[in-house]
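Asker: Right, I'll just put the structure down here and ask away after.
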Amino acid sequence: MNETDALAAFSSISSATRLRILKGLVTAGPEGMNAGEIAELVDATPSRASFHLSNMADAGLVISNRQSRQISYRVNFETMGALTRYLMDDCCQNNEIVRNCCVTGNRC
C-alpha cells in the first residue's frame, strides 16, 4: 500500500457511520451483509448507507456483489491487512513500543 491509498482508506473510515459499517462487516466475515442489513445496523436510510458504502468501495475497503436485485457487501480483508501493515511498517517504522501496544492486554 502506498501513502495515497492509505490516506484514502483512513479518510473513508474517519466518519462514525463508516467506521460502524466497517466493524459490522468485519464481524459478518467473508459472507458480508446486504445493503438493507447494513442500513439497519447503522440506523441509516438505505440511500445514506449506499452513499457511505460507495465511498468505502472507492477506497478499496469493501467489495460489492450484485445478485439479482440484492447488493451484498463484504470487507476487503486484503486491503485492511495492507492498511495495518502500512501503519505499522511504513508509518511507525515497526517501532517496538507501538508493536507492544498492539498486543491484547498491554497498556501504553
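Asker: Please report, in debye to the nearest 20, how large the charge dipole of segment 3-76 is about its Cα centre when each Lys and Arg carries +1 at its beta carbon and each Asp and Glu carries -1 there.
Answerer: Values: 7 positive and 7 negative charges, 34 e Å.
Using only the charged Cβ atoms, the result is roughly 160 debye.
Asker: Using θ = phi - 60° and the Karplus form 6.51 cos²θ - 1.76 cosθ + 1.60, what ³J(HN,Hα) does each residue of segment 31-38 get, whole Hz, x for Gly and Pro?
Answerer: 6, x, 9, 7, 4, x, 5, 5
Asker: Taking H placed 1.01 Å from N in the peptide plane, check which residues at least 5 places from residue 62 or on another chain put their amide H under 5 Å from its amide H.
Answerer: The answer is 57, 76.
Asker: Counting other beta carbons within 10 Å of each residue's own, what order do 41, 7 fall into, fewest first?
Answerer: Numbers: 41 18, 7 11.
Ranked by crowding around the Cβ, least crowded first: 7, 41.
Asker: Could you give me the ³J(HN,Hα) list for segment 80-92, computed from phi with Karplus coefficients 6.51, -1.76, 1.60 and θ = phi - 60°, whole Hz, x at Gly and Pro?
Answerer: For segment 80-92, the Karplus-derived couplings read 4, x, 5, 5, 5, 4, 4, 4, 6, 7, 7, 6, 8 Hz, x marking Gly and Pro.
Asker: Mind checking the angle between helix 46-58 and the chain's longest principal axis? C-alpha axes, 0 to 90 degrees, to the nearest 10.
Answerer: Taking Cα atoms only, the helix is inclined about 40 degrees.
Asker: Out of [x] 1.17; [y] 1.40; [z] 2.83, which label holds the value of Cα Rg over 2.2 N^0.38 Å that was computed here?
Answerer: Read-out from the structure maps to [x].
Asker: Taking amide H positions as placed 1.01 Å from N in the peptide plane, with prolines and chain starts having none, which residues 5 or more places from residue 32, or on another chain, fall under 5 Å of its amide H?
Answerer: Residues meeting the criterion, in which the H sits 1.01 Å from N, do not exist here.
Asker: While we're here: To the nearest 10 degrees, how steeply does helix 3-12 sit against the main Cα axis of the chain, on a 0 to 90 scale?
Answerer: Value to nearest ten degrees: 50.
Asker: For helix 16-28, report the angle its Cα long axis makes with the longest principal axis of the Cα atoms of the chain; keep it between 0 and 90° and round to the nearest 10°.
Answerer: 90
Readers should treat all values here as calculations from the given coordinates under stated rules, not as data from a laboratory. Small disclaimer: the values here were computed from a predicted structure and weren't measured. FYI the Cβ positions are ideal-geometry reconstructions off the backbone, even for glycines, and counts take in every protein chain you see.
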